[in-house]
Amino acid sequence: MGLLPKLAIFLRQYLAAREELCRELGRTLSLDDPVFTSTERNPIDSGVLSHAFGRVAARARLEGVRFHDLMHTFASLMLLRKAKSKVILEALGHASGAFTMDVYSHIISAMQEDAMALPDEILPPPSSGQKKPVAEMS
């Protein structure tokens, strides 16, 4: 799966900013450097990332939204846009489609209920002289 165009643009801009920072610090950015690092070139600790995201979310009035919730939002939106489960599981890094579908089964159930309501919208209303449906005859 390729990068989304907006993500590719963001990463190019981020790389340019990192290269500039390295030049200012008298360092050379290496292909072996992690993408997101501290100023000491160490990988950013996940706790630090989560805490920073929490501050950003709070400023955006999204209290209680965790960094991990972004993944669930992405998957839910993809399902609602009718993306194939294989595409979603690969994007999320899940090993199996069964796991992905189990985690997001509540979204799938709601989509099935919506789909089952479509025939009622399409079929004409019954006429007053229509016989009882077969299910009601027994």
Any helices (runs of 4 or more DSSP H) falling wholly within segment 41-136 and containing at least 1 residues that are at pLDDT 80 or above: 46-59, 69-80, 85-92
Report, ordered by the first and then the second residue, all pairs with beta carbons closer than 6 Å, sequence separation of six or more or different chains, a first member in segment 64-90 that is under 22 Å from Ser46 (Cα atoms), and a second member that is at pLDDT 85 or above. Val65/Ala57; Phe67/Ser50; Phe67/Phe53
Candidate set: segment 42-63, residues that are touching a residue at least 12 places away in the same chain (Cβ under 8 Å) and of a type outside the set (A, V, I, L, M, F, W, C); chosen: the one farthest from Leu15 (Cα to Cα): Gly54
Restricting to segment 2-17, name every residue that is surrounded by fewer than 12 Cβ atoms within 10 Å (Cβ to Cβ) and either in contact with a helix residue (DSSP H, G or I) (Cβ under 6 Å, 6 or more places away or on another chain) or closer than 21 Å to Leu92 by Cβ (or both). Gly2, Leu3, Leu4, Pro5, Lys6, Leu7, Ala8
Residues that are among the small types (Gly, Ala, Ser) and loosely packed, with under 10 Cβ neighbours inside 10 Å, drawn from segment 18-51: Gly26, Ser30, Gly47
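The values are calculated or read from the model by the stated rules, or taken from the named source; none is laboratory data. What you see is a predicted model; the values in this text were computed from it and never measured. So basically every Cβ, Gly included, is an ideal-geometry build from the backbone, and we count neighbours across all protein chains shown.
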